[in-house]
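Step one of this worksheet: look at the structure below.
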């Protein structure tokens with residue numbers, strides 16, 4: 001990997017951490033800008049660079065640095081109730097990497113976001129709410145985030161277009 005690409009990965013991993021710290025309460029949950037940073041990273045670096053960046057981000061968090069939402073870090077954050085979404089970011093990047101040259105950019109991002117939802121929801125269901133109905137789980141894990149995540153995805157796509165033209 002070239003130094004320029006490693007620097008971009010490092011800067012965008014730091015952006016993910018900062019965006020994870022910016023959150024707005026939504027009922028008993030919070031909406032952070034973490035998803036925005038992940039999809040901006042994918043837009044700017046592509047699937048390969050985005051996957052590397054998210055992997056670095058997850059490793060920093062696993063090492064105990066407070067890079068996740070709520071200034072959390074450590075293995076506990078990766079295995080907690082929202083850990084499936086963190087792993088879902090990595091799965092989203094891998095899916096993006098596979099599909100980025102086969103489908104329009106925005107469709108790949110939407111599919112990647114849906115995969116992230118699926119990972120996070122399945123994780124939450126199997127580890128924390130296996131007795132609950134699917135509709136109750138979706139009402140907790142997906143529905144409240146559809147509009148905010150749609151806005152973040154739109155912003156990431158818009159910024160990608162503008163910033164990519166400036167990248168050398």
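The values are calculated or read from the model by the stated rules, or taken from the named source; none is laboratory data. For clarity, every value in this text was computed on a predicted model and none was experimentally measured. Counting neighbours? That spans all protein chains shown, and the Cβs are built from the backbone with ideal geometry, glycine included.
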Scan of segment 59-77 for residues that are in a helix (DSSP H, G or I) and touching a strand residue (DSSP E or B) at 6+ places or on another chain (Cβ under 8 Å), ordered by number: 61, 69, 70, 77
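Looking at this structure, is residue 54 more than 24 Å from residue 143 (Cα to Cα), crowded, with 22+ Cβ neighbours inside 10 Å and modelled with pLDDT of 95 or more?
Details: more than 24 Å from residue 143 (Cα to Cα): yes; crowded, with 22+ Cβ neighbours inside 10 Å: yes; modelled with pLDDT of 95 or more: yes.
Answer is yes for this residue.
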Qualifying residue in segment 98-113 (condition: assigned to a helix (DSSP H, G or I) and more than 19 Å from residue 42 (Cβ to Cβ)): no
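Report the residue count in segment 133-143 for those that are in a loop (DSSP other than H, G, I, E, B) and touching a residue at least 12 places away in the same chain (Cβ under 8 Å).
The first filter runs over segment 133-143 and keeps only residues in a loop (DSSP other than H, G, I, E, B), leaving 133, 142.
After this cut, where a residue has to be touching a residue at least 12 places away in the same chain (Cβ under 8 Å) as well, the list is 142.
The total comes to 1.
Here is a yes/no grid of residues against (1) at pLDDT below 95; (2) in a loop (DSSP other than H, G, I, E, B); (3) more than 23 Å from residue 12 (Cα to Cα):
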residue	(1), (2), (3)
95	no, no, no
123	yes, no, yes
126	yes, no, yes
131	yes, yes, yes
151	no, no, no
Hits in segment 99-155 (condition: surrounded by fewer than 14 Cβ atoms within 10 Å (Cβ to Cβ) and within 16 Å of residue 31 (Cβ to Cβ)): 139, 143, 146, 147, 150, 151
Segment 1-23, residues that are touching a helix residue (DSSP H, G or I) at 6+ places or on another chain (Cβ under 9 Å) and not in a helix (DSSP H, G or I): 1, 22, 23
Hey, residue 26 in contact with a helix residue (DSSP H, G or I) (Cβ under 9 Å, 6 or more places away or on another chain), buried (at least 19 other Cβ atoms within 10 Å of the Cβ) and either closer than 28 Å to residue 99 by Cα or modelled with pLDDT under 95 (or both) or not: no
